[in-house]
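The values are calculated or read from the model by the stated rules, or taken from the named source; none is laboratory data. Keep in mind the model is a prediction, meaning the values are calculated, not measured. No Cβ is skipped: glycine too gets one built from the backbone with ideal geometry, and neighbour counts run over all protein chains shown. Protein only, heavy atoms only, side chains kept; ligands, DNA and RNA dropped before computing areas. Shrake-Rupley method; radii C 1.70, N 1.55, O 1.52, S 1.80 Å.
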Amino acid sequence: MDAADQGRCVLAACGITDGPAYSSRDGLVVHPYSPDLLLVLHHESYPPGCWSGLRIDPRTGQVAMGILPSGMWTAVVKSKSTGAVLHSFDFERYPDGRLQCTAVDTGGTRVRSKFRLDSKDFAGAVVSGLFEDSKGHTYRISGKTSRTGTFEMVLKGGTASGLRAERGTLYVQKSGKIAIPNPNTAANIPRPPKSYVIEVNPTSFAPFIEGTSVVLLADISYSMWNKLKFLQASLDDLIDLTLSDQYPCKNFKLAIGTWNSLVDWADQRWLTRNDRDTAKKWTQQLSNRCRGGNDMRWALEFALGRFADATDVYILTDGNIAPFVLRGGALPPIMQPPLSEYAEACEATYANTSWTDFCGAHPGVTFHFIAIGSNASVLQEMADIGNGNLWESNINNGL
């Protein structure tokens, strides 16, 4: 093992790994790729701050190092939104232009929030909030939303709270807290971001739906009664959007179901463009089916059994997650389905089903949540465990 290989081994133990297959003369790659990252370099021969302006490409994470003089360098990667130091390391640039390492993983997670108000992107809004890391240090979150209402930050293990976008007298507030884990830096590079859409006074959730083979399951238990108008409008928009000839994803497949303790489908096969009118007639009957108990697991088991090639499942609910639990629990089998639409999952033999274990039993499926009640923080955690995204709104409840 030569000196360069030994150096790479030492750096790897500190979270630094070899990057993509390009010449190390081209530069350094910083993970995760994000516009929130700031790289500051220091060399003992130069005054502090002299090399603080090197740009990190947010699409590739690459930093051009062509003008960097040879020698030993100290690098610090910071978050612009919090000012927190995410990672620091030393490296050498050799006289022939090579770098001792080609990539570094900060161990941070991209948190991407999209703010919307009255069905429009909340652009140019001032974002604020607090972040407390795993050691108890607190940082103020600050920045602005982009033209699309998006605000991205990179955080290490800890909790973000009070996230709010404000423009003049208008504001959009994220409910609950965002828990950020310490990721395993040896795997999943680049890591996908945590994504949340926070929307006030929306007309539809349809633009949030993405994927290839999508199952949408909507809660129509009795507590959803005052949200049916919004649900029906959103489903109609989704049908018009995805089952039209103009929809860009020609291989897109969609299934729509509603559940209380039992499940009802617009069609018990994948919908096609020819099913558009039939599916919209089905949505007109939602008010006739809004009643009964709640059993999210039976709805999901039924869906994944019937649509075994589903890639993404979107679960719309106002917050009752029974029989799932986020702490403890197990994955007992369902010996028999609910006996009626009024059955309650909390009384079933499979009560206290572990959501983590359930997601682990379906590794090829991503679980997203559409939260239209006051339990958004719980559904956010379920989306995180299911590797999915969260859309939350204030439908009849306030944020």
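When the residues of segment 191-203 are narrowed to those that are of a type in the set (D, E, K, R) and not in a loop (DSSP other than H, G, I, E, B), which ends up least open to solvent (accessible area, probe 1.4 Å)?
Among residues in segment 191-203 that are of a type in the set (D, E, K, R) and not in a loop (DSSP other than H, G, I, E, B), the one least open to solvent (accessible area, probe 1.4 Å) is E199.
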Search segment 34-47 for residues that are in contact (Cβ under 8 Å) with a residue 24 or more places away in the chain and pair each with any residue that is crowded, with 19+ Cβ neighbours inside 10 Å and part of a loop (DSSP other than H, G, I, E, B) when their beta-carbon atoms are under 7 Å apart and the residues are at least 6 apart or on different chains.
D36/S81
Is there any pair with a first residue in segment 76-105 that is without any contact (Cβ under 8 Å) to a residue 12 or more places away in the chain and a second that is surrounded by 15 or more Cβ atoms within 10 Å (Cβ to Cβ) and not in a loop (DSSP other than H, G, I, E, B) whose Cβ atoms are under 6 Å apart and which are 6 or more apart or on different chains, and what are they?
V85/V76; V85/K78
Kindly indicate whether T278 is over 14 Å from E210 (Cα atoms) and either of a type outside the set (V, I, T) or outside any helix (DSSP H, G or I) (or both).
no
Test set (1) more than 22 Å from D309 (Cβ to Cβ); (2) touching a Phe, Trp or Tyr at 6+ places or on another chain (Cβ under 9 Å); (3) hydroxyl-bearing (S, T, Y) - T242 fails condition number:
(1)
Return only the number of the condition from (1) without any contact (Cβ under 8 Å) to a residue 60 or more places away in the chain; (2) aliphatic (A, V, I, L, M); (3) closer than 30 Å to Y342 by Cα that L243 does not satisfy.
(3)
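A quick yes/no check of all residues on (1) on the phi > 0 side of the Ramachandran plot; (2) touching a Pro at 6+ places or on another chain (Cβ under 9 Å); (3) open to solvent by less than 50 Å² (accessible area, probe 1.4 Å):
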{"position": "D245", "(1), (2), (3)": "no, no, no"}
{"position": "K253", "(1), (2), (3)": "no, no, no"}
{"position": "I256", "(1), (2), (3)": "no, no, yes"}
{"position": "D277", "(1), (2), (3)": "no, no, no"}
{"position": "Q284", "(1), (2), (3)": "no, no, no"}
{"position": "D295", "(1), (2), (3)": "no, yes, yes"}
{"position": "T311", "(1), (2), (3)": "no, no, yes"}
{"position": "P323", "(1), (2), (3)": "no, no, yes"}
Just give me the residues in segment 32-57 being under 26 Å from R191 (Cα atoms), open to solvent by 40 Å² or more (accessible area, probe 1.4 Å), not polar (S, T, N, Q) and not in a strand (DSSP E or B), in sequence order.
Y33, P35, G53, R55
How many of the residues making up segment 266-275 are free of Cβ contacts under 8 Å to residues at least 40 places away in the same chain and open to solvent by less than 50 Å² (accessible area, probe 1.4 Å)?
4
Within segment 166-196, which residues are hydrophobic (A, V, I, L, M, F, W, C), at pLDDT below 85 and out of contact with any Ser or Thr (no Cβ under 9 Å at 6 or more places or on another chain)?
A187
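Can you tell me which residue in segment 204-222 is nearest to V365 (Cα to Cα), limited to those that are touching a residue at least 60 places away in the same chain (Cβ under 8 Å) and open to solvent by 60 Å² or more (accessible area, probe 1.4 Å)? Give the derivation first.
Start the filter on segment 204-222 by keeping residues that are touching a residue at least 60 places away in the same chain (Cβ under 8 Å), which leaves 204-205, 208-222.
Remaining after also requiring open to solvent by 60 Å² or more (accessible area, probe 1.4 Å): 210, 212, 222.
Numbers: E210: 13, T212: 11, Y222: 28 Å.
Per the criteria, the residue is T212.
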Scanning segment 329-358 for residues that are open to solvent by less than 90 Å² (accessible area, probe 1.4 Å) and of a type in the set (F, W, Y), the one nearest to the chain's Cα centre (by Cα) turns out to be W355
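Whether any residue in segment 229-243 is assigned to a helix (DSSP H, G or I), of a type in the set (A, V, I, L, M, F, W, C) and touching a Lys or Arg at 6+ places or on another chain (Cβ under 7 Å) is what I want to check.
Yes, that holds for at least one residue.
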Okay, strands (runs of 3 or more DSSP E) sitting entirely in segment 107-190 with 2 or more residues that are β-branched (V, I, T) and open to solvent by less than 70 Å² (accessible area, probe 1.4 Å), I get 109-117, 150-155, 177-180
Before we move on, is S70 touching a strand residue (DSSP E or B) at 6+ places or on another chain (Cβ under 8 Å), over 21 Å from V154 (Cα atoms) and open to solvent by 60 Å² or more (accessible area, probe 1.4 Å)?
yes
Mind counting the residues in segment 124-160 that are within 15 Å of A84 (Cα to Cα) and of a type in the set (A, V, I, L, M, F, W, C)?
7
Near pairs, Cβ below 6 angstrom, 6+ apart or cross-chain, from segment 124-135 (farther than 21 Å from R147 by Cβ and in contact (Cβ under 8 Å) with a residue 40 or more places away in the chain) to any residue that is among the aromatic types (F, W, Y) and buried (at least 17 other Cβ atoms within 10 Å of the Cβ)
F131/Y139
Failed criterion for G66 (all others in (1) part of a loop (DSSP other than H, G, I, E, B); (2) touching an Asp or Glu at 6+ places or on another chain (Cβ under 9 Å); (3) without any contact (Cβ under 8 Å) to a residue 40 or more places away in the chain hold)
(3)
